[in-house]
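Q: Before I ask anything, here is the structure I am working with.
The values are calculated or read from the model by the stated rules, or taken from the named source; none is laboratory data. Everything numeric in this text was worked out from a predicted model, so none of it was measured. So basically every Cβ, Gly included, is an ideal-geometry build from the backbone, and we count neighbours across all protein chains shown. Remember, those area values only see protein heavy atoms, side chains included, never the ligands or the DNA or RNA. Shrake-Rupley method; radii C 1.70, N 1.55, O 1.52, S 1.80 Å.
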Amino acid sequence: MKSSNKNTLNTLSYVALIIVALLILIENVLPLIGINEIKGPLISVLKTVRNMFVLIVIGISAYNFLPGRAKWVSVLFWVAIIVYVVGTILLWFI
């Protein structure tokens, strides 16, 4: 992996970590102190961004795993990517 690609992946990983930590705080910790059900467009956007960053980070690592593997491993990878993206898009309609 090129140095610039590695830096981009590191940056995306960092941003994903911050967003995931923020959402864990909002979804799991705040209800413990009596603040329940924080909803709204900002939370939906954060969840979508979280899911996309996680997909990018995991997807790049998994894609780098594919060379030299059986064709079914590659097909399974793309099916999983499609399911992940569709599931993230459906988040907006639930």
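Q: Got a number for residues in segment 64-76 being over 24 Å from residue 15 (Cα atoms) and in a helix (DSSP H, G or I)? Lay out the reasoning, then the answer.
A: Initial filter on segment 64-76 (over 24 Å from residue 15 (Cα atoms)): 66-76.
Filter once more, so that each one left must be in a helix (DSSP H, G or I): 71-76.
Total satisfying the criteria: 6.
Q: Continuing with this model, one more query. Looking only at segment 1-13, which residues are in a loop (DSSP other than H, G, I, E, B) and in contact (Cβ under 8 Å) with a residue 24 or more places away in the chain?
A: Answer for segment 1-13, where residues must be in a loop (DSSP other than H, G, I, E, B) and in contact (Cβ under 8 Å) with a residue 24 or more places away in the chain: just 1.
Q: A further question follows. For residue 74, indicate whether it is more than 19 Å from the chain's Cα centre (by Cα) and surrounded by 13 or more Cβ atoms within 10 Å (Cβ to Cβ).
A: Against the criterion (more than 19 Å from the chain's Cα centre (by Cα) and surrounded by 13 or more Cβ atoms within 10 Å (Cβ to Cβ)), residue 74 qualifies.
Q: Right, something else. Out of segment 32-50, which residues are of a type in the set (A, V, I, L, M, F, W, C) and either surrounded by 10 or more Cβ atoms within 10 Å (Cβ to Cβ) or in contact (Cβ under 8 Å) with a residue 12 or more places away in the chain (or both)? If you could, list the steps in order and put the result at the bottom.
A: Of all residues in segment 32-50, those of a type in the set (A, V, I, L, M, F, W, C) come to 32-33, 35, 38, 42-43, 45-46, 49.
Within segment 32-50, 35, 38, 42, 43, 45, 46, 49 qualify.
Q: Name the residues in segment 12-30 that are open to solvent by 50 Å² or more (accessible area, probe 1.4 Å) and not β-branched (Val, Ile, Thr), would you?
A: 14, 17, 21, 22, 25, 27, 28
Q: Here's another thing I want to ask about it. Could you please find all residues in segment 51-63 being within 17 Å of residue 15 (Cβ to Cβ) and open to solvent by less than 50 Å² (accessible area, probe 1.4 Å)?
A: Residues of segment 51-63 within 17 Å of residue 15 (Cβ to Cβ): 51-61.
Selection gives 51, 53, 54, 55, 57, 59.
Q: Sort out which residues of segment 14-53 are assigned to a helix (DSSP H, G or I) and of a type in the set (Val, Ile, Thr), and write them in order of number.
A: Residues of segment 14-53 that are assigned to a helix (DSSP H, G or I), as a first pass: 14-33, 41-53.
Within segment 14-53, 15, 18, 19, 20, 24, 26, 29, 33, 43, 45, 48, 49 meet the criteria.
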